[in-house]
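To start, the structure under review is shown below, and the notes come after it.
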Amino acid sequence: MTGSSARPSVAVNMLWCLPGAVGGSEQYLVRQLAGAFDVDPQLELSICSTAGFRDVHGSRLSPADFRISSADAHRRWRRVLTENTWLFGATSDVDLVHHGGGTAPRRARRPYLLTIHDLQYRTFPHYFSRVKRSYLDAVVPGSARRAARVAVPTEYVRDSVVRELGVPAERVGVVPHGYEPELLEQRSDAQELRSRLGLGDGPILVYPAMTAPHKNHRFLVEMMRTRWDDPDLRLVLIGGHGLASDDVAARIAEAERERPGRIIHAGRVGEADKNGLIALAAALVFPSLYEGFGAPLIEAMALGTPVLCSDSTCLPQVAGDAAVVAPLDPTSWAEGLDTVLARRERLTELGRERVSHFTARRSGEALVAMYAEAAA
């Protein structure tokens, strides 16, 4: 090892990460890397990325040595080629390579740690194009089996990797999501948000998620149309555009014709607006059909907002007893919202206790431990 046995030198492959385009996996990796530096300021870590990634995250990851590729990472074939050529050469001087995007190049230096965020492409293959599904089927299983260790965000994903990819259980470890309290301090003023977005003075519900099919926005729109009938209630949808954007927009338009002004689709907003909206919300609602983790649950708890979420995949594990977890049927969610509002004070208290298990430092501790295991 070029580093000590307890502190291997590590290069992190972030060529796959286009800031703002890959969802929660971007925040997950950035936060755990920041947490790793918090745990071990002397960590020998290089980040192989595009200049765009460095420009967005360089200040938060300033202890790292950035190794910048000029390749166009927007094209998958170009990124794959870069990983098999430029990346192979750029990582010749380290003990361990960490591939953070769920796949490793065929020509990968070993040993390596592989992060798998989820296996959604196997659970909902119809949400993926034929080309992407074929690509993932071709590269993910082999990438995982060749890895010295595989890092996953939850026990749910760990079980999936062991069962579906055939990776021995002892080689798969959980590196949980972590939130950074200082980032949640950026909050837009509640009254200014109400005025700017036309929220009125009544209760609001917030759903922070891109409009991907599995995020299940249509369920919330239908709840607002048929079950949540308080005329002062507002549902605020925030997040980028996904494959279900047109369908969501059509369903909102239909609901708004019946009861106008109750659903606000704000789209992608800045961190201050996102935090401000969650903090002033009566509840964060999360009807997702599939999650590898579900970081907004933890962020809401840290901001003192109770959570109503589905019972899908890993969400019950993440929520624990600090949220109302309900099956995805209208009656359960109507009752669930009533429970959230009635138990708001207690759920807020439980949520603040729950988030102590999901700090960036704890995430960093788990990552540093995985580095040592994978490099041994």
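The values are calculated or read from the model by the stated rules, or taken from the named source; none is laboratory data. Note that the structure is predicted; figures quoted are calculated from it, not measured. Glycine also receives a Cβ, built like all others from the backbone with ideal geometry; neighbour counts cover every protein chain displayed. Keep in mind that these areas ignore ligands, DNA and RNA; they rest on the heavy atoms of the full protein, side chains included. Shrake-Rupley method; radii C 1.70, N 1.55, O 1.52, S 1.80 Å.
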(message) It is to be established whether one or more residues within segment 357-370 are within 26 Å of W228 (Cβ to Cβ) and either under 22 Å from the mean Cα position of the chain (by Cα) or small (G, A, S) (or both).
(response) no
(message) Restricting to segment 334-363, name every residue that is over 17 Å from I204 (Cβ atoms) and of a type in the set (S, T, Y).
(response) T339, S356, T359, S363
(request) Taking L199 as the residue in question, decide whether it is in contact with a Leu (Cβ under 8 Å, 6 or more places away or on another chain) and more than 18 Å from V307 (Cβ to Cβ). (result) yes
(message) I'd like to check something: does segment 7-24 contain any residue that is in a strand (DSSP E or B) and of a type in the set (G, A, S)?
(response) yes
(request) Output the residues belonging to segment 194-216 that are under 21 Å from the mean Cα position of the chain (by Cα) and more than 12 Å from V236 (Cβ to Cβ). (result) M210, T211, A212, P213, H214, K215, N216
(message) Checking the structure you have, find out if any residue of segment 83-104 is among the small types (G, A, S), surrounded by fewer than 17 Cβ atoms within 10 Å (Cβ to Cβ) and free of Cβ contacts under 8 Å to residues at least 12 places away in the same chain.
(response) yes
(message) I'd like to verify a number: residues in segment 32-64 that are closer than 25 Å to V269 by Cβ, assigned to a helix (DSSP H, G or I) and out of contact with any Leu (no Cβ under 9 Å at 6 or more places or on another chain), how many?
(response) 2
(request) Scan V324, V318, V248, V285 and give me the residue that is out of contact with any Ser or Thr (no Cβ under 8 Å at 6 or more places or on another chain), of a type outside the set (D, E) and surrounded by 20 or more Cβ atoms within 10 Å (Cβ to Cβ). (result) V285
(message) Being in contact with a strand residue (DSSP E or B) (Cβ under 6 Å, 6 or more places away or on another chain) and either basic (K, R) or in a loop (DSSP other than H, G, I, E, B) (or both) is the requirement here; does V269 meet it?
(response) yes
(message) Looking only at segment 327-361, filter to residues that are among the hydroxyl-bearing types (S, T, Y) and closer than 27 Å to Y28 by Cβ; which one of those is most open to solvent (accessible area, probe 1.4 Å)?
(response) S356
(request) For segment 105-122, enumerate the residues that are assigned to a loop (DSSP other than H, G, I, E, B), farther than 19 Å from S363 by Cα and open to solvent by 40 Å² or more (accessible area, probe 1.4 Å). (result) R106, R107, R109, R110, P111
(message) Of the conditions (1) farther than 20 Å from T359 by Cβ; (2) touching a strand residue (DSSP E or B) at 6+ places or on another chain (Cβ under 9 Å), Q42 satisfies every one except a single condition; which number is it?
(response) (2)
(request) Scan segment 283-299 for residues that are touching a Gly at 6+ places or on another chain (Cβ under 8 Å), farther than 18 Å from T115 by Cβ and in a loop (DSSP other than H, G, I, E, B) and jot them down. (result) S288
(message) Against the definition (closer than 14 Å to Y207 by Cα, open to solvent by 10 Å² or more (accessible area, probe 1.4 Å), without any contact (Cβ under 8 Å) to a residue 60 or more places away in the chain and in contact with a helix residue (DSSP H, G or I) (Cβ under 7 Å, 6 or more places away or on another chain)), how does I238 come out, yes or no?
(response) no
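Pick from P153, P125, P63, P141: which is without any contact (Cβ under 8 Å) to a residue 40 or more places away in the chain and open to solvent by less than 40 Å² (accessible area, probe 1.4 Å)?
Step by step, each of P153, P125, P63, P141 is checked, and only P141 is without any contact (Cβ under 8 Å) to a residue 40 or more places away in the chain and open to solvent by less than 40 Å² (accessible area, probe 1.4 Å).
Of the residues V94, V167, V161, V150, which single one is of a type in the set (V, I, T) and either in a helix (DSSP H, G or I) or in contact with an Asp or Glu (Cβ under 6 Å, 6 or more places away or on another chain) (or both)?
Result of the check over V94, V167, V161, V150: V161.
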